[in-house]
Amino acid sequence: MSIGLNEIWDGKIPADEMDLAELSDKIWEIGELDAIQEKVSPELFQLHIAINMIGNWQSDGWDGIIAYQPYLVPYISEVLVKFGLQHLQHAFDEVIAIFPDFITFEDGSLYCDMINFLHNMRLKVSDERLNAYTQEERQAMVKQYQEKLNQLEKMTEPLWGYGSPMDGWAMIFDYIQAYEVRG
């Protein structure tokens with residue numbers, strides 16, 4: 001049987017952002033995302049991804065999530081859809097589509113090279129597949145990454161930025177109520 005909100009948080013219902021952070025910390029105690037996904041209910045897993053996605057976005061934006069939280073990236077598109085944010089999902093997928101097929105979203109030297117490749121034309125990368133791109137191709141990818149990222153940021157700000165409903169956390173509390181993640 002999978003773990004739900006009642007089991008992981010002793011029947012309490014999160015009431016504010018601090019409660020959500022505490023809940024997420026408690027879920028992280030289970031282990032890495034694959035272990036969490038195996039042990040908690042699908043609704044609680046989606047909630048966990050969403051809490052981390054919004055919290056990290058509020059700290060560092062989408063580029064920060066993509067660059068420094070690569071383990072979240074494979075789950076984000078599906079979670080955006082589950083939360084009814086298809087427009088964000090589409091924009092997010094457009095950003096991710098810029099990454100070559102050989103890139104996996106996990107920490108490592110190749111991923112670090114990819115982030116450096118997209119962040120700054122002056123940064124050297126060691127992966128020969130990335131170095132096979134011409135300067136013009138790389139420049140086009142960098143430009144496309146920045147443009148698509150900016151579009152995604154503009155779409156996200158009204159939803160999760162400070163001054164949005166419950167300072168960006170409204171959809172989380174709505175999800176908890178709507179899906180009865182408690183059980």
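The values are calculated or read from the model by the stated rules, or taken from the named source; none is laboratory data. Given the structure is predicted, the values throughout are model-derived calculations rather than measurements. Note that each Cβ is placed from the backbone with ideal geometry, even for glycine, and that neighbours are counted across all protein chains shown. Side chains included, ligands, DNA and RNA excluded: accessible areas come from the protein's heavy atoms. Shrake-Rupley method; radii C 1.70, N 1.55, O 1.52, S 1.80 Å.
The table below lists the values:
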quantity	calculated
Restricting region 47-88 to residues that are without any contact (Cβ under 8 Å) to a residue 60 or more places away in the chain and among the polar types (S, T, N, Q), the residue that is farthest from residue 170 (Cα to Cα)	69
Enumeration of residues in region 117-130 that are touching a helix residue (DSSP H, G or I) at 6+ places or on another chain (Cβ under 9 Å) and in a helix (DSSP H, G or I)	117, 118, 119, 129, 130
Among residues of region 69-111, those that are in contact with a helix residue (DSSP H, G or I) (Cβ under 6 Å, 6 or more places away or on another chain) and of a type in the set (Gly, Ala, Ser), counted	2
Those residues of region 146-183 which are touching a Phe, Trp or Tyr at 6+ places or on another chain (Cβ under 9 Å) and among the hydroxyl-bearing types (Ser, Thr, Tyr), in sequence order	156, 175
Conditions (1) of a type outside the set (A, V, I, L, M); (2) free of Cβ contacts under 8 Å to residues at least 12 places away in the same chain; (3) surrounded by 15 or more Cβ atoms within 10 Å (Cβ to Cβ): number failed by residue 160	(2)
Region 131-163: number of residues that are in a helix (DSSP H, G or I) and touching a helix residue (DSSP H, G or I) at 6+ places or on another chain (Cβ under 8 Å)	13
Verdict on residue 136 being over 30 Å from residue 51 (Cα atoms), at pLDDT 95 or above and among the acidic types (Asp, Glu)	yes
Where a residue in region 129-157 is surrounded by fewer than 15 Cβ atoms within 10 Å (Cβ to Cβ) and its partner, wherever it lies, is of a type in the set (D, E, K, R), with Cβ under 8 Å and at least six apart	151/94
Hits in region 163-172 (condition: under 18 Å from the mean Cα position of the chain (by Cα) and either farther than 18 Å from residue 63 by Cβ or open to solvent by 60 Å² or more (accessible area, probe 1.4 Å) (or both))	167, 169, 170, 171, 172
Qualifying residue in region 113-124 (condition: open to solvent by 40 Å² or more (accessible area, probe 1.4 Å), over 25 Å from the mean Cα position of the chain (by Cα) and not aliphatic (A, V, I, L, M))	yes
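For (1) farther than 21 Å from residue 54 by Cα; (2) under 14 Å from the mean Cα position of the chain (by Cα); (3) among the basic types (Lys, Arg), each residue gets a yes or a no:
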| site | (1), (2), (3) |
| --- | --- |
| 72 | no, yes, no |
| 79 | no, yes, no |
| 82 | no, yes, yes |
| 145 | no, no, no |
